[in-house]
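Readers should treat all values here as calculations from the given coordinates under stated rules, not as data from a laboratory. Predicted model only: the values in this text are computed from it and were never measured. Here the Cβ is made from the backbone with ideal geometry for all residues, glycine too, and neighbour counts use every protein chain on show.
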């Protein structure tokens with residue numbers, strides 16, 4: 001799963017399909033593949049609070065004249081969803097995406113009627129819901145909204161407007177066979193790598209984040225295991241790894257680098 005660094009800050013989380021109280025059936029499961037945000041409708045990766053990362057702009061912004069022109073891309077208080085089939089093509093079925101704001105557990109209540117269903121746009125393949133609820137993640141609050149495709153699918157939990165800013169959240173799901181290597185079947189070690197990493201990091205008293213740019217950078221540069229938590233120092237964030245200290249200006253994750261001990 002590829003996410004921006006703001007996903008952790010904004011306390012967004014993903015509940016796998018296997019943990020849903022409604023136990024959705026099906027041989028195909030929609031897995032969350034990407035999560036990112038924009039600030040004030042801007043697609044400029046300028047390091048502002050909630051700003052889009054460069055990789056998301058490169059992957060998803062489509063301009064006027066493109067067959068998949070993303071006409072709603074500038075929405076600044078929305079929850080977006082794009083659902084791909086197993087071949088990576090957008091699914092555009094009617095009422096494909098379900099949103100609700102009363103908690104993940106409502107999936108287990110067959111009498112609950114608070115869902116809002118949206119159909120992806122015929123061109124872009126994106127569905128969206130405009131929202132107005134602010135919340136304060138830096139004070140420990142979680143956003144009220146959940147959303148996912150219909151059927152067997154992972155659920156994104158915690159959507160809202162962080163610190164009441166005009167921030168939109170974008171999520172991409174893709175279909176894959178139930179029980180595949182990335183899917184999370186209990187008996188398949190390859191399916192539980194995030195859980196394995198998290199458990200081992202916890203034993204080392206280090207907070208695990210699959211969306212951490214530092215962890216991704218350290219893996220790509222062969223810097224070894226993390227040996228400290230992330231810490232903020234004079235406008236920079238840093239984390240110690242076995243072979244180096246990884247650092248970046250806070251909010252400017254595209255400027256990540258490392259230095260020797």
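Miscellaneous remarks
- Between 0 and 90 degrees, the angle of helix 193-203 with respect to the longest Cα principal axis of the chain falls at about 40 degrees.
- Fewest-first ordering of 37, 9 by other beta carbons within 10 Å of each residue's beta carbon gives 9, 37.
- Each label point was placed 7 Å from the Cα along the Cα-to-Cβ direction; for residue 232 and residue 130 their separation is 3.3 nm.
- Of all DSSP-defined beta bridges confined to region 2-177, some 75% are antiparallel rather than parallel.
- FRET efficiency, residue 48 to residue 109 (Cβ-Cβ, R0 45 Å, nearest 0.05): 0.70
- Rounded Å value of the spacing that divides the Cα centres of region 1-57 and region 123-147: 11
- GNM on the chain, alpha-carbon springs under 10 angstrom: the most fluctuating residue among 79, 12, 107 is 107.
- Two-site label geometry, residue 116 and residue 138: point separation in nm, points 7 Å out along Cα→Cβ: 2.7
- Only helical runs count toward this figure. For the chain, summing -39,500 (n - 2.57) over DSSP H runs of n ≥ 4 and dividing by all residues gives -3000 deg cm²/dmol at 222 nm.
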